[in-house]
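**Q** Please read through the structure below; I'll follow up with questions.
Values quoted throughout were computed directly from the atomic coordinates according to the rules given, and no laboratory measurement underlies them. The structure presented is a predicted model; accordingly, all values stated were derived computationally and were not measured. As a convention, Cβ positions derive from the backbone with ideal geometry for all residues, glycine included, and neighbour counts pool all protein chains shown.
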Amino acid sequence: MSGGSANYERAAEVVRRARHATAFTGAGISVESGIPPFRGKDGLWSKYDPSCLEINHFLAHPEPSWELIKEIFYDFFDRAEPNAAHIGLAAMERQGLLHAVITQNIDNLHQRAGSQTIYEFHGNSRDLVCVRCGSRQAAAETNLSRLPPSCMRCDGLLKPDFVFFGEPIPEQAHTRSLAEAQIADLFILIGTTGEVVPASMIPFLARRRGAAIIEINTEPSNYTHQITDIFLQGKATTAMTGLMTALGIK
Ligand code: NAD
């Protein structure tokens, strides 16, 4: 278990033999698209106060919370493009080598890269949802120059449709992710610390059900020494490009 070119060949062999491979991605896959992770030295929490994403704090202080949310997620994410790692996963799916992507990310980059089966464990920043009447509207069609934004239907407070701290996981994404963990014989983990529960439990469950684990990360995570079989240490784009080459995918 370590980096090195022989590892790419081994990983490619495991991918080719897999009956049902699932990718599980975290903030690290989008770092090279220009979106920082939450944690670590250059993480968003070294600059912003995470309480803007606690549901009770948000409801009590919508205006200052929205000012940070807009700066972090809507000014920022709009400028990001999918990178070689997102694009590589979409290519694997087209080749029949990947069944689904479970992502903790809310940045929409898997969709934009062309992946078709995506379970968004923490929702998505694309839509806003009204906390009063529950209706949804696209963030792109909402005026974010006056904060907090309000519902076109009932004038209630709008909240991004991603999971805030203290909120439940969207039921469908949760159920489908658990099903992937039951069925898959290979999980490919990319750019995740494995610190955010309950998402972090999914790869452990897959492992218990017998899945092989390939992991891509710049540094060891909670998974590396516990369940990872092949650790491709490096940046997501470099490692995915190495894997694509070993698989013969252009
Ligand atoms: P994290 O912030 O806890 O950890 C990021 C991981 O990525 C680390 O293990 C780090 O070593 C690794 N990493 C950093 N740069 C990398 C690179 N270039 N290539 C490969 N790996 C790299 O992220 P998390 O575990 O996903 O958990 C944080 C939560 O925050 C997630 O649930 C996610 O929803 C959310 N989040 C999402 C985004 C996004 O949508 N892009 C951004 C920040 C946070």
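**Q** Going through the stretch 61-94 one residue at a time, which ones are within 14 Å of residue 106 (Cβ to Cβ) and part of a loop (DSSP other than H, G, I, E, B)?
**A** 78, 80
**Q** Can residue 221 be described as hydroxyl-bearing (Ser, Thr, Tyr), under 16 Å from the mean Cα position of the chain (by Cα) and more than 12 Å from the ligand (Cβ to nearest atom)?
**A** Against the criterion (hydroxyl-bearing (Ser, Thr, Tyr), under 16 Å from the mean Cα position of the chain (by Cα) and more than 12 Å from the ligand (Cβ to nearest atom)), residue 221 does not qualify.
**Q** For the stretch 135-250, which fully contained helices (runs of 4 or more DSSP H) count at least 1 residues that are of a type in the set (Ser, Thr, Tyr) and crowded, with 22+ Cβ neighbours inside 10 Å?
**A** 171-183
**Q** Give the residue that is nearest to the ligand (Cβ to nearest atom), with candidates limited to residues of the stretch 17-30 that are touching a residue at least 24 places away in the same chain (Cβ under 8 Å) and under 18 Å from residue 210 (Cβ atoms).
**A** The extreme case among them is 24.
**Q** Among residues belonging to the stretch 57-82 that are surrounded by 15 or more Cβ atoms within 10 Å (Cβ to Cβ) and in contact with a strand residue (DSSP E or B) (Cβ under 8 Å, 6 or more places away or on another chain), point out the one that is farthest from residue 240 (Cα to Cα).
**A** Only one residue tops the list, namely 62.
**Q** Moving on. Testing residue 114 on (1) in contact (Cβ under 8 Å) with a residue 24 or more places away in the chain; (2) crowded, with 16+ Cβ neighbours inside 10 Å; (3) within 18 Å of the chain's Cα centre (by Cα); (4) under 23 Å from residue 184 (Cβ atoms), one condition comes back false. Which one is that?
**A** (2)
**Q** Contact list please: Cβ distance under 7 Å, first residue in the stretch 189-210 and within 19 Å of residue 99 (Cβ to Cβ) and touching a residue at least 12 places away in the same chain (Cβ under 8 Å), second residue surrounded by 14 or more Cβ atoms within 10 Å (Cβ to Cβ) and among the hydroxyl-bearing types (Ser, Thr, Tyr), pairs at least six apart or on different chains.
**A** 189/223; 190/25; 192/25; 192/221; 202/177; 203/223
**Q** Within the stretch 37-60, is there a residue that is among the β-branched types (Val, Ile, Thr) and either within 12 Å of the ligand (Cβ to nearest atom) or outside any helix (DSSP H, G or I) (or both)?
**A** Pass one, the stretch 37-60, residues among the β-branched types (Val, Ile, Thr): 55.
When the remaining residues are screened for being either within 12 Å of the ligand (Cβ to nearest atom) or outside any helix (DSSP H, G or I) (or both), the result is none.
Looking through the stretch 37-60, none of the residues is among the β-branched types (Val, Ile, Thr) and either within 12 Å of the ligand (Cβ to nearest atom) or outside any helix (DSSP H, G or I) (or both).
**Q** Identify, please: which residue in the stretch 83-98 is surrounded by fewer than 23 Cβ atoms within 10 Å (Cβ to Cβ) and closer than 16 Å to residue 120 by Cβ and is, among those, farthest from the ligand (Cβ to nearest atom)?
**A** Among residues in the stretch 83-98 that are surrounded by fewer than 23 Cβ atoms within 10 Å (Cβ to Cβ) and closer than 16 Å to residue 120 by Cβ, the one farthest from the ligand (Cβ to nearest atom) is 93.
**Q** Please state which of the following conditions residue 151 fails to meet, knowing it meets all the rest: (1) more than 30 Å from residue 87 (Cβ to Cβ); (2) within 12 Å of the ligand (Cβ to nearest atom).
**A** With (1) more than 30 Å from residue 87 (Cβ to Cβ); (2) within 12 Å of the ligand (Cβ to nearest atom) applied to residue 151, the lone miss is (2).
**Q** Among the residues of the stretch 109-134, which ones are of a type in the set (D, E, K, R), within 30 Å of residue 95 (Cβ to Cβ) and in a strand (DSSP E or B)?
**A** Those that are of a type in the set (D, E, K, R), within 30 Å of residue 95 (Cβ to Cβ) and in a strand (DSSP E or B): 120, 126.
**Q** With respect to the numbered conditions (1) part of a loop (DSSP other than H, G, I, E, B); (2) in contact with an Asp or Glu (Cβ under 7 Å, 6 or more places away or on another chain), which one is the sole condition not fulfilled by residue 22?
**A** Evaluating residue 22 over (1) part of a loop (DSSP other than H, G, I, E, B); (2) in contact with an Asp or Glu (Cβ under 7 Å, 6 or more places away or on another chain) leaves (1) as the failure.
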